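Worksheet: one structure, shown below.
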Amino acid sequence: MDEHEISKAVVKRLPRYYRYLGDLMEAKVERISSGELSNLMNVTASQIRQDLNNFGGFGQQGYGYNVRYLYQEIGKILGLDKVYSMVIVGAGNLGQALANYVKFEKRGFWIKGIFDVNPRLEGMTVRGIEIRMVDELAQFIRDNEIQIAALTLPKAGAEEIAPILVENGVKAIWNFAHTDLKVPPDVVVESVHLSESLMQLSYRLNHLDNK
């Protein structure tokens with residue numbers, strides 16, 4: 001099936017399948033049924049089968065799913081069998097927290113550089129990665145074939161930096177700024193609006209009594 005036909009809801013669930021299957025592998029579980037996976041994930045067995053059937057199914061009736069095989073196949077679907085070069089633009093608290101997250105490398109996301117506009121940060125290192133000034137960004141992207149950029153900047157800064165990223169070959173932007181970036185259709189943007197997520201949590205908290 002063409003990937004454009006896969007719903008966003010299915011794509012959103014794939015990393016969760018991947019995480020649970022990884023935990024099952026660590027627990028030495030070799031196979032699992034959709035029913036057993038349903039009980040773990042609080043997703044219906046029917047939904048699990050429908051999701052996985054979008055990509056070929058992977059299971060056998062009466063046997064279930066081979067955990068390691070399914071983990072590897074979902075990893076391929078998510079593109080985790082590849083290695084990506086990445087930069088972080090914005091070396092404040094959030095940017096430094098992302099740079100310190102060691103599991104990115106385990107998933108194939110290698111942070112090659114960190115950039116900021118604050119001259120006080122120039123030359124400092126975060127987990128061995130030097131903080132550079134934004135005026136070096138364009139050349140660095142070209143020299144290091146950077147594919148992904150994480151933007152942890154205020155709104156105005158993100159809107160100014162996004163065209164520089166696109167013009168120099170970045171194909172995916174992980175956007176933490178409070179703005180919806182306008183980029184060409186061949187550039188992927190995944191926006192993480194933390195305040196919006198918190199407001200959704202607030203909504204759910206304040207409607208608990210209505211259930």
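The values are calculated or read from the model by the stated rules, or taken from the named source; none is laboratory data. Since the structure is predicted, the reported quantities are computational estimates derived from the model, not experimental observations. Here the Cβ positions follow ideal geometry from the backbone for every residue, glycine too, while neighbour counts run over all protein chains shown. These accessible areas exclude ligands, DNA and RNA; they are computed on the full protein's heavy atoms, side chains included. Shrake-Rupley method; radii C 1.70, N 1.55, O 1.52, S 1.80 Å.
Among the residues of segment 34-72, count how many are open to solvent by less than 90 Å² (accessible area, probe 1.4 Å), among the hydroxyl-bearing types (Ser, Thr, Tyr) and under 23 Å from the mean Cα position of the chain (by Cα).
Qualifying residue count, segment 34-72: 1.
Quick check: is even one residue across segment 4-21 in contact with a strand residue (DSSP E or B) (Cβ under 6 Å, 6 or more places away or on another chain) and either modelled with pLDDT of 90 or more or open to solvent by 90 Å² or more (accessible area, probe 1.4 Å) (or both)? I'd like the intermediate steps shown before the answer.
Step one: of segment 4-21, the residues in contact with a strand residue (DSSP E or B) (Cβ under 6 Å, 6 or more places away or on another chain) are none.
Scanning segment 4-21, I find no residue that is in contact with a strand residue (DSSP E or B) (Cβ under 6 Å, 6 or more places away or on another chain) and either modelled with pLDDT of 90 or more or open to solvent by 90 Å² or more (accessible area, probe 1.4 Å) (or both), so the answer is no.
I'd like to know if segment 133-150 contains one or more residues that are at pLDDT below 95, out of contact with any strand residue (DSSP E or B) (no Cβ under 8 Å at 6 or more places or on another chain) and more than 21 Å from residue 78 (Cα to Cα).
Narrowing segment 133-150 to residues at pLDDT below 95: none.
Within segment 133-150, none of the residues are at pLDDT below 95, out of contact with any strand residue (DSSP E or B) (no Cβ under 8 Å at 6 or more places or on another chain) and more than 21 Å from residue 78 (Cα to Cα).
Scan the strands (runs of 3 or more DSSP E) fully inside segment 101-200 and keep the ones with 1 or more residues being open to solvent by less than 20 Å² (accessible area, probe 1.4 Å). So that I can check it myself, show each step before the final result.
Numbers: elements: 109-116, 129-133, 148-151, 172-175, 188-191.
Because the criterion is at least 1 residues that are open to solvent by less than 20 Å² (accessible area, probe 1.4 Å), the strands (runs of 3 or more DSSP E) in segment 101-200 that meet it are 109-116, 129-133, 148-151, 172-175.
Can you name the residue in segment 22-33 that is in contact (Cβ under 8 Å) with a residue 24 or more places away in the chain and surrounded by fewer than 18 Cβ atoms within 10 Å (Cβ to Cβ) and, of all such residues, is nearest to the chain's Cα centre (by Cα)?
We begin by selecting, within segment 22-33, every residue in contact (Cβ under 8 Å) with a residue 24 or more places away in the chain; these are 22, 24-25, 29-33.
From the residues that got through so far, the ones that are surrounded by fewer than 18 Cβ atoms within 10 Å (Cβ to Cβ) too are 22, 25, 29-31, 33.
Values: 22: 16, 25: 22, 29: 26, 30: 27, 31: 27, 33: 27 Å.
This residue is 22.
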